[in-house]
Amino acid sequence: MEFTTEQNSLFEKHLELVIEANKITNLTRIVSPESGRLLHIEDSLTAVPDVLQAPEGKAADIGTGGGFPGIPLSIATGRPFDLIDSVGKKTAQLDSIIEQLGLSDRISTWHGRIEDLGSERKGQYALVTARALAALPVLLELASPLLKMGGQLISYKSGTYQDELDRALTIQNKVGMKFVSVREFMLSDNETSRSVLVFEKASKPKMSLPRRVGLAQKKPLA
């Protein structure tokens, strides 16, 4: 997909600001511009086709860290994003970065646990994105309360994902989700394999969600 000069400039500026902020707050392990362009910018943008196909409305990028993939996806598609992270120092840095990018009109942050967001803003999102956050069964459970009916979860995975997918399929009906698609590809270095998996909120969960904070990770459904 081709991007405008302005969009490419914003991608680069975002990465520069994250690398600079990383000297104060641990936003990313990737600190070289070259690696950042591949493993943050390019990787984030691989889901643009899926984001464009998702229902219209606000997105939540859960476990956003340095704002990847939420900020690049918003720059690329114009979709409004809430960047969700449980670490207040990270969301404070992101607030500054968003302001410096001039994107405060469509990108906001939310500091807290995903389960609390699921209670506070139940069914308010058309899209949830998650990158390097948790196993698929955990992501399905966390995303379901956030999504409106027909809304989608887009999950980025590296390496093998089949075991995670198999486990997710055993609980998808319980949490009201449905597997839609998977795309496998290599990044431009022709060495780094990636997959993007899409699930949809298809029905009302057959259990009360969200569960208590931390249970999805400590006692996963599958």
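Tabulated values for the structure
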{"item": "For q = 0.10, 0.11 Å⁻¹, Debye-computed log10 I/I(0) when each Cα of region 16-113 counts as one equal scatterer", "result": "-0.24, -0.29"}
{"item": "Computed lengthening from E99 to M149, 0.36 nm per intervening residue step minus Cα-Cα distance", "result": "14.8 nm"}
{"item": "Cα radius of gyration and Dmax for the chain (Å)", "result": "16.4, 47"}
{"item": "Two-site FRET efficiency, V180 against E120, from Cβ-Cβ distance with R₀ of 22 Å, rounded to 0.05", "result": "0.25"}
{"item": "Residues in region 192-222 that a label on D166 would reach, taking backbone N under 16 Å of a point 7 Å out along Cα→Cβ", "result": "222"}
{"item": "Charge sum, other residues only, whose C-beta stays under 13 Å from S35's C-beta, Lys/Arg counted +1 and Asp/Glu -1", "result": "-3"}
{"item": "Taking region 101-173 and dividing mean pair separation by its residue count, relative contact order in percent (alpha carbons under 8 Å, at least six apart)", "result": "34"}
{"item": "Per-q log10 I(q)/I(0), region 111-162, q = 0.24, 0.31 Å⁻¹ (Debye; single scatterer per alpha-carbon; no solvent)", "result": "-0.91, -1.28"}
{"item": "Rg over Rh, two decimals, region 1-41 (C-alpha only, Kirkwood Rh)", "result": "1.01"}
{"item": "Gained length - S9 relative to M207, 0.36 nm times residue gap less alpha-carbon distance", "result": "66.8 nm"}
{"item": "Surface share of carbon and sulfur [accessible, 1.4 angstrom probe, percent] for region 5-218", "result": "47"}
{"item": "GNM flexibility winner over the chain from T129, T28, T170 (Cα, springs under 10 Å)", "result": "T170"}
{"item": "Folded to 0 to 90 degrees: helix 5-21 orientation relative to the chain principal axis, Cα", "result": "80"}
{"item": "Gap separating the Cα centres of region 195-222 and region 24-100, nearest whole Å", "result": "22"}
{"item": "Highest-MSF residue in the chain out of E141, E164, E184 [GNM, Cα springs under 10 Å]", "result": "E184"}
{"item": "Normalised contact order of the chain, rounded percent, pairs of Cα under 8 Å and 6 or more residues apart", "result": "18"}
{"item": "Relative contact order [Cα under 8 Å, 6+ residues apart], region 47-146, whole percent", "result": "33"}
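The values are calculated or read from the model by the stated rules, or taken from the named source; none is laboratory data. None of the values given here were measured: they were computed from a predicted structure. Every residue, glycine as well, gets a Cβ built from its backbone with ideal geometry; the counts of neighbours run over all protein chains shown. Ligands, DNA and RNA are excluded from the accessible area calculation, which covers all protein heavy atoms including side chains. Shrake-Rupley method; radii C 1.70, N 1.55, O 1.52, S 1.80 Å.
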